[in-house]
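Visitor: Provided herewith is a single structure, encoded as structure tokens, for subsequent inquiry.
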Amino acid sequence: MKASDLFVQSLENEGVEYIFAVPGEENLDLLQSIKDSSIQLILCRHEQGAGFMAATYGRLNGNPGVCMATLGPGATNLVTPAAYAQLGGMPLMMITGQKPIKKSKQARFQIIDVVDMMRPVTKFTKSITHANNIPSLIRESFRIATAEKPGAVHLELPEDVARETTDEALFQPETIDYPIASKSSLEKAVKMISAAKAPLVLIGAGANRKKNCDALTQFIDQTGFYFFTTQMGKGVIDERHPKYMGTAALSSDDFLHQGIEEADLIINIGHDVIEKPPFFMKHGGKQVIHINYHPSEIDAVYFPQLNVVGDIFQSITLLGSMLNKESLADTPFFAEVKTKVTKHLSKYFEDTRFPMLPQRLVNILRENLGEKDVVSLDNGIYKLWFARNYPAYSHNTLLLDNALATMGAGLPSAMAVNLLHPEKKSVAVVGDGGFMMNSQELETAMRLGLNLTVIILNDSAYGMIKWKQEDLALDDFGLDYKNPDFVQYAQSYGANGYRAESDAHFQEILKTCLRKDGVHLIDLPVDYSLNHEILNVLLKNK
């Protein structure tokens with residue numbers, strides 16, 4: 001059997017449905033093998049777009065998304081998606097081509113050490129030097145990519161290896177069962193929780209797995225504890241829950257942090273060091289129980305007194321069954337904080353000024369989208385408003401990146417959502433800066449016949465950096481630019497383009513876009529004038 005055929009059969013054996021790709025000449029044998037397989041090739045317009053789509057597939061599906069690029073510049077363009085998946089806990093498999101490694105005819109043309117380049121941003125990276133190694137390396141790559149914490153892996157397939165013949169057999173995927181936390185650690189957790197006067201639950205990125213949702217909801221219902229989330233922990237529990245206090249989108253000073261400061265015990269479920277903890281520990285201060293697949297990483301502001309290490313689902317289920325519900329503390333103070341948070345967050349929901357406030361957009365989208373519909377965010381100041389103000393009703397219905405926090409991923413992510421879940425409305429909310437970094441994928445969306453709505457928040461500037469610039473009392477300099485006509489830009493791809501002229505007009509356009517099939521782009525002027533006043537001044541001086 002030809003090695004490239006075996007490679008593709010190994011991918012099929014892992015359940016791969018799509019390969020997001022910008023192929024090059026070094027991938028042609030693999031491309032031919034994909035043509036004759038059950039895998040659908042999604043041809044993209046930039047390797048970043050391909051990588052972001054594959055990473056989002058992994059985030060939503062739980063199995064690694066797969067992307068492919070050529071050597072040299074094709075591979076370097078995958079570095080950002082690799083870091084995006086690696087830091088964000090998204091299983092991603094990257095495949096790159098390479099010149100023949102046994103007999104080169106082109107000297108060093110386009111050749112860089114891709115494996116070494118990928119090493120800092122992946123869990124595993126390797127060049128395949130013999131066709132017989134293909135099945136084992138693919139099985140190992142997929143195992144590593146999905147093991148906690150999920151992340152990125154990379155395999156390089158040189159041209160000459162792809163053309164070899166082999167009769168190696170496939171490796172069947174196996175199920176990994178994570179260890180259950182020790183009885184002693186669970187008993188210690190019970191004692192700490194029972195002794196606490198103001199326990200508070202934090203749900204972080206590591207808990208954001210589909211199987212944990214019901215267990216965590218049951219735990220909160222059983223204990224009556226109030227809970228809050230990090231940005232990447234949103235939606236694990238329906239945020240309409242009466243015990244939901246809010247999302248810690250800022251490091252400190254928000255209304256939510258008044259509750260955190262009063263807690264004497266934080267039950268921290270799924271904390272990931274990528275997201276800095278939204279509380280700062282002091283020796284002799286509040287206690288912390290760290291519940292995760294792995295022990296905590298200790299630093300100056302995070303040093304839990306107890307680690308409960310094991311499968312989160314099992315840990316929470318067992319812990320809930322061991323607690324004496326009658327002896328748990330009542331925490332009316334947290335109810336007061338929740339009321340303050342809710343009042344503060346909804347303050348501008350009905351403000352119809354135009355250009356539109358991001359808080360108003362959050363409210364309009366929440367009112368127009370269903371429980372399972374998905375909003376994909378790019379990276380910008382609006383991400384903070386969505387994290388704080390947009391209640392997620394279900395797991396993975398607000399896709400944001402608070403790990404690498406890269407620009408350019410919003411549109412590709414929304415495309416992957418519609419590809420995987422055509423029954424759900426898919427909306428991308430992107431800044432004008434982030435949109436232009438991968439706007440060419442509109443052509444891919446049109447070619448695939450996708451249905452999605454893209455809302456461009458247009459302020460003709462890098463708005464988040466301007467917000468930071470103002471907070472530091474620096475000059476307003478170097479962050480403004482001019483945009484193309486986004487309506488004509490969308491129409492040039494065959495998409496539908498709209499420009500909102502008022503609050504009522506935007507709502508009318510949005511309803512039309514959500515009702516109709518096709519790719520829709522809305523140019524929405526945004527008013528960021530309150531960013532500094534609220535996030536930098538009001539919250540610090542409240």
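Visitor: With the Cα gyration tensor of the stretch 3-162 giving a ≥ b ≥ c as the square roots of its eigenvalues, does the rule (a/c under 1.5 for rounded; else a/b larger than b/c for prolate; else oblate) give rounded, prolate or oblate?
Guide: It comes out rounded by the Cα gyration axes.
Visitor: Further question: Using a simple spin-label model with points 7 Å from Cα along the Cα→Cβ vector, what separation in nm is obtained for E470 and H532?
Guide: Between E470 and H532, the label points sit 0.5 nm apart.
Visitor: I would also like to ask the following. So for the pair R240, A195, with labels modelled 7 Å out along Cα→Cβ, what separation do we get in nm?
Guide: It is 4.0 nm.
Visitor: Moving to a separate point now. Rounded to the nearest 500 deg cm²/dmol, what is the calculated helix-only ellipticity per residue at 222 nm for the chain, with -39500 (n - 2.57) per DSSP H run of length n ≥ 4?
Guide: -10500 deg cm²/dmol
Visitor: What FRET efficiency comes out for D177 versus Q218 if R0 is 30 angstrom and r is the Cβ-Cβ distance? Round to the nearest 0.05.
Guide: 0.90
Visitor: Shifting gears a bit: Report the local net charge at T165: Lys and Arg +1, Asp and Glu -1, summed over other residues whose C-beta lies under 11 Å from its C-beta. Write down the numbers at each step before the final one.
Guide: Working: positive: K2, R163; negative: D5, E164, D167, E168.
Residues near T165 contribute -2 overall.
Visitor: I would also like to ask the following. Is the stretch 183-341 rounded, prolate or oblate when judged by the Cα gyration tensor, a ≥ b ≥ c being the square roots of its eigenvalues, rounded requiring a/c under 1.5 and prolate requiring a/b larger than b/c?
Guide: Verdict is rounded for the stretch 183-341.
Visitor: Assuming R0 = 22 Å, can you tell me the calculated FRET efficiency for the pair L250 and H283, based on Cβ-Cβ distance, to the nearest 0.05?
Guide: 0.35
Visitor: Just rank Y348, Y481, Y57, fewest to most, by other beta-carbon atoms within 10 angstrom.
Guide: Y481, Y348, Y57
Visitor: Gap in Å between the Cα centre of the stretch 417-436 and the Cα centre of the stretch 112-176?
Guide: Spelled out, the Cα-based centre of one part sits 30 Å from the other.
Visitor: Step through the residues of the stretch 89-98 one at a time and calculate ³J(HN,Hα) from phi using the Karplus curve (6.51 cos²θ - 1.76 cosθ + 1.60, θ = phi - 60°), rounding each to whole Hz and writing x for Gly and Pro.
Guide: Coupling constants for the stretch 89-98: x, 10, x, 9, 10, 10, 10, 10, x, 7 Hz.
Each reported figure results from applying straightforward, stated rules to the coordinates on display, with no laboratory input. This one's a predicted model, so the numbers in the text were calculated from it and none came from an experiment. Counting neighbours? That spans all protein chains shown, and the Cβs are built from the backbone with ideal geometry, glycine included.
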